[in-house]
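First up is the structure itself, then whatever we jot down about it.
Throughout, read-outs are computed from the coordinates displayed, never taken from laboratory work. Note that the structure is a prediction, hence the values are computed from the model and not measured. Every residue, glycine as well, gets a Cβ built from its backbone with ideal geometry; the counts of neighbours run over all protein chains shown.
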Amino acid sequence: MGASGCGDLPSSLMGFTPRGYLRVAQPGAGEAFVHGGTSLQELCVPVLRFRNLRRGSRGYVEAHAARIALLGASRSITAPRVALDIQQLDAVAGKVCPALYEVCFEDASGERLSSTVRVRTDRREVNGCAGTISVRLDLTRLPSDGSRDAFLVARVEQGGEVVRERFSLDLVAGALTPGLA
C-alpha cells in the first residue's frame, strides 16, 4: 500500500502485513504476544505539544473554583426554615477546580443567624438541573441590632467570601421558637 496523503511521508513508503494478521504470535498455549508487525500500536507514535505558560505571560489563565449563584427571585424570609436553590455556574474541567462552600445567613456585622450547610461544586456537567444544588438553612436567631436584613453568605472553604445576597426578614412575631433560638 502506498502512503500518499500521509503528511510529510514520501509516497514511496510502503508497509506489508500478512493477510488477516496484525500481530506476530508465538506458538503455544494462550495468546502469547511478541512485539512486531504492522499494527497501529507498533507504527504510530503520538506527538504531544505542551506549552507551560507562567503567571504574567500572555494567554495565562489562573485556576479558580467553580462559581455559584443563587436561583430564584424572592429575597424575603417568611419562615424559620429556608429552602434555596444554588446553581453551579462552571463545569469542573481544565482551570476550573472543584470547591467546597460554606453557606449560611449572617447579619450586617457578620454574626451567624442560621445553620451552616456545605455545598460541593464538583459537577462536570452543569446544564439544566445537573448544576442545581438544593439546600435548607434553619434560622437560629434574629439580628441583635433589630435590623430586618439578613445576608446569605457563601465562602470557599480555603478562600474568602464569594457570594453575599441581601434578604429581608419578614417573619411573624414568635416564628423563632425557644428551641431554635
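Quick one: if the Förster radius is 41 Å, what FRET efficiency do Lys95 and Cys44 give, using the C-beta to C-beta distance and rounding to 0.05? After rounding to 0.05, the efficiency reads 0.85.
The stretch between Tyr60 and Ser144, if pulled fully straight at 0.36 nm per residue, gains 25.6 nm over its current Cα-Cα span.
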